[in-house]
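Undergrad: Attaching a single structure in C-alpha cells format; questions to follow.
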Amino acid sequence: MKNRLSRRFNDPSIASSDITPEQVWVNRRTLLASGLGMAAAGLTGGAARTHAKELTGLDYRVAPEGPPVGEALTPFADVTQYNNFYEFGTDKSDPAQYAHEMTTDPWTVSVGGLVNKPGKLHLEDILSGFDLEERIYRFRCVEAWSMVVPWIGFPLAKLLQRFEPTSDARFVRFRTLYRPSEMRGTRSFTAVIDWPYQEGLRIDEAMHPLTLMTVGLYGKTLPNQSGAPLRLIVPWKYGFKSIKSIVAIDLLDEQPETSWQRLAPHEYGFYSNVNPEVDHPRWSQRFERRLPSSLFKPNRIPTQLFNGYAEQVAKLYAGMDLRRYY
Ligand code: MTE
C-alpha cells in the first residue's frame, strides 16, 4: 500500500534543507504502536478512521539526528503539555488539562467569501482528499520560546483551491470553534480574547507551499490541546498566527482583523513575521528559549529572520518596511 506519510514534498520552491533527507528512513512502527489509542481519538467515521489507522501504522521519513535544520526535535511531552490555547485557560498547562472537554467529532469546516464554490466540508472529506506529509518545522512563539516539531498535514493552498478563490480574494480569515460549554476559558470573566479566536493571512502567504494545514504531530492525530482536528502552521510567523481547531475560512478583499491585533494593536501586527530586529514592546525578540528549557539549562539561541525561512519567504515582503508592517 502506498505510504501516504512518506510522500515527498515536491515543491521546487522548498529548499531541500527543509525536507527530511530521502535517504534517511527510520521504522517508527514500534514507536507509534503505543500511540494507537490516542491517534484514533477525535476522529471517527469511515474514511477518518481508516486514515487514523494509517497515521499510526506507517513508516515515514525522519532524520535520526534531528530535523534537517540540524536541531533536535522537541520531545512530544513538551509539545503537548506546554501550550497556548486560551479557550481553555491562560496557563500553559491548561490546554493539556482541559482541552479534552472539546468535542471534535463531528467536525466541519466552512469555506466562503470570495470563492466560486463556497461550501462546508466534513473533516473526513478533507482528510480523504489530500495526501499527508510530515514536515519538520521550527515553531517560534512571540513569548520567545520555540520548538522543533514534526507536523503532519497538507498545504493550505490545496484546500483553498478546491473552493476556487476569485481574483478579488486578497486575504484569508480563519476562525476557531467557539463553544463555551466545552471551553472553560471562554466562560471566564477575565477572558482576554474577543471570541471566536480569529487570524488572517494575505492570500500569497496562505498559498505559500510552507503554509500547512495540520492534522497531526509526531505521527499521531493532533491532541486537542494542539488544535485538533485541524490547525494552521505558518512556520515563518510567530506562533499565534497558527490558529487552532479551525471551523471557518473566508476569503476577503480586505485585511481581516485578528484577535491579538484587536486586543493590543501596538504589540501584535497583522504580519507577525519572526524578526529579531523588531522587539515586542515589552521584551526583546533577539533570542528564544528552545524547549525543553529550564533555569539551569535555558537553551537560549539567537532568533533568525523569518524564523530561518527567509530563503523561501523573504520575497513575499520585498520592498516592505518590516518595522512598520510587523
Ligand atoms: N489558537 C486558538 N484558537 N487559541 C489560542 O489561544 N494560541 C496561539 C496559537 N493558536 C491560540 C491559537 C498561540 S499564542 C500560540 S504560541 C500557539 O497557538 C501555540 O501552539 P502550541 O500550543 O501548539 O504550541
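The values are calculated or read from the model by the stated rules, or taken from the named source; none is laboratory data. Remember, it's a predicted structure, so these values are computed and weren't measured experimentally. Methodologically, a virtual Cβ is constructed for each residue, glycine included, from the backbone with ideal geometry; neighbour enumeration extends over all protein chains shown. Please note that ligands, DNA and RNA were not included when accessible areas were found on the heavy atoms of the full protein model with its side chains. Shrake-Rupley method; radii C 1.70, N 1.55, O 1.52, S 1.80 Å.
Undergrad: Quick one: what pairs do we get from segment 190-208, first residue open to solvent by 50 Å² or more (accessible area, probe 1.4 Å), second more than 9 Å from the ligand (Cβ to nearest atom) and of a type in the set (Gly, Ala, Ser), C-beta under 7 Å, 6+ apart or different chains?
TA: Pairs found: 207/157.
Undergrad: Shifting gears a bit: Of a type in the set (A, V, I, L, M) and within 13 Å of the chain's Cα centre (by Cα), is that true of residue 149?
TA: Against the criterion (of a type in the set (A, V, I, L, M) and within 13 Å of the chain's Cα centre (by Cα)), residue 149 qualifies.
Residues checked against (1) modelled with pLDDT of 95 or more; (2) within 27 Å of residue 175 (Cα to Cα); (3) open to solvent by 10 Å² or more (accessible area, probe 1.4 Å):
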residue	(1), (2), (3)
242	yes, yes, no
251	yes, yes, no
263	no, yes, yes
273	yes, yes, yes
281	no, yes, yes
288	yes, no, no
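Undergrad: For the subset of segment 290-318 comprising residues that are at pLDDT 95 or above and of a type in the set (Gly, Ala, Ser), which member is least open to solvent (accessible area, probe 1.4 Å)?
TA: For segment 290-318, the residue satisfying everything is 314.
Undergrad: What's the number of the condition residue 70 fails, among (1) in a helix (DSSP H, G or I); (2) modelled with pLDDT under 95?
TA: Condition (1) is where residue 70 drops out.
Undergrad: Something else: Given (1) within 13 Å of the ligand (Cβ to nearest atom); (2) within 26 Å of residue 275 (Cβ to Cβ); (3) in a helix (DSSP H, G or I), identify the lone condition not met by residue 204.
TA: Result: residue 204 passes all but (1).
Undergrad: Ok, one more. Quick check on my filter: what residues within segment 219-272 are aromatic (Phe, Trp, Tyr) and within 13 Å of the ligand (Cβ to nearest atom)?
TA: 238, 240, 260, 268
Undergrad: Within segment 168-187, which residues are touching a residue at least 40 places away in the same chain (Cβ under 8 Å), away from the ligand (no atom under 11 Å from the Cβ) and either aromatic (Phe, Trp, Tyr) or more than 16 Å from residue 228 (Cα to Cα) (or both)?
TA: Those that are touching a residue at least 40 places away in the same chain (Cβ under 8 Å), away from the ligand (no atom under 11 Å from the Cβ) and either aromatic (Phe, Trp, Tyr) or more than 16 Å from residue 228 (Cα to Cα) (or both): 168, 169, 170, 171, 172, 173, 184.
Undergrad: Right, next: Taking the criterion of being in contact with a strand residue (DSSP E or B) (Cβ under 8 Å, 6 or more places away or on another chain), closer than 18 Å to residue 313 by Cβ and of a type in the set (A, V, I, L, M), would at least one residue in segment 164-175 satisfy it?
TA: Looking through segment 164-175, at least one residue is in contact with a strand residue (DSSP E or B) (Cβ under 8 Å, 6 or more places away or on another chain), closer than 18 Å to residue 313 by Cβ and of a type in the set (A, V, I, L, M).
Undergrad: Now a separate question. Identify the single condition in (1) within 13 Å of residue 162 (Cα to Cα); (2) touching a Ser or Thr at 6+ places or on another chain (Cβ under 7 Å) that residue 111 does not satisfy, given that it satisfies every other one.
TA: Against the list (1) within 13 Å of residue 162 (Cα to Cα); (2) touching a Ser or Thr at 6+ places or on another chain (Cβ under 7 Å), residue 111 comes up short only on (2).
Undergrad: Does residue 152 satisfy the criteria of being within 16 Å of the ligand (Cβ to nearest atom), buried (at least 22 other Cβ atoms within 10 Å of the Cβ) and β-branched (Val, Ile, Thr)?
TA: Taking the combined requirement at face value, the residue satisfies it.
Undergrad: Which numbered condition trips up residue 231, out of (1) surrounded by fewer than 21 Cβ atoms within 10 Å (Cβ to Cβ); (2) free of Cβ contacts under 8 Å to residues at least 40 places away in the same chain?
TA: All conditions are met except number (1).
Undergrad: Separate question: Tell me which residues, restricted to segment 209-218, are open to solvent by 10 Å² or more (accessible area, probe 1.4 Å) and near the ligand (Cβ under 9 Å from one of its atoms).
TA: Result: no residue meets the conditions.
Undergrad: Oh, and also: Look through segment 85-103, keep the residues that are within 11 Å of the ligand (Cβ to nearest atom) and of a type in the set (Asp, Glu), and return whichever of them is nearest to residue 189 (Cα to Cα).
TA: Step by step, filter segment 85-103, then rank; the result is 87.
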